[in-house]
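J.: Handing you a structure now.
Read-outs throughout are calculated quantities, based only on the coordinates presented, and are distinct from any laboratory measurement. Just so it is clear, the model here is predicted, and its values are computed rather than measured. Glycine also receives a Cβ, built like all others from the backbone with ideal geometry; neighbour counts cover every protein chain displayed.
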């Protein structure tokens, strides 16, 4: 059985090469890629809302994510 761990980066896309903050690991383990990917989008919306409209617009903030496989024994 495979589980997934969610990692999210908050990045600025002001320049051609994005500049990202250190990755944030979400402390929940997901049972499927589907659940992890959906959680990434929900968590991204929450993060952007917390940063605020002006900051996100002024700095062209966005998120990147990865759902990393955790092999279960």
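J.: Order of 5-13, 64-72 by packing, highest average Cβ count within 10 Å first?
T.: 5-13, 64-72
J.: Can you give the calculated 222 nm mean residue ellipticity of the chain, where each DSSP H run of n ≥ 4 adds -39,500 (n - 2.57) and the sum is split over every residue, rounded to the nearest 500 deg cm²/dmol?
T.: Counting only the DSSP helices, I get -11500 deg cm²/dmol.
J.: Also, quick follow-up: With no solvent and one point on each alpha carbon, what is the Debye value of log10 I(q)/I(0) for segment 1-69 at q = 0.14, 0.21, 0.26 Å⁻¹?
T.: Values, matching the q order: -0.44, -0.84, -1.10.
J.: So for the chain, averaging the separation of alpha carbon pairs under 8 Å that are six or more residues apart and normalising by length, what relative contact order in percent results?
T.: Values: 117 pairs, mean separation 36.7, N = 73.
Answer for the chain is 50 percent.
J.: Return one number: the angle in degrees, 0 to 90 and rounded to the nearest 10, between the long axis of the Cα atoms of helix 33-51 and the longest principal axis of the Cα atoms of the chain.
T.: The helix 33-51 is inclined about 30 degrees to the chain.
J.: Can you order the peptides 32-42, 46-56 by their average number of other Cβ atoms within 10 Å per residue, highest first?
T.: Answer by packing, highest mean first, reads 32-42, 46-56.
J.: Continuing with this model, one more query. Hey, for a label at residue 64 modelled as a point 7 Å past Cα toward Cβ, could you say which residues of segment 1-45 have their backbone N under 14 Å away?
T.: Output list for this probe position: 7-24.
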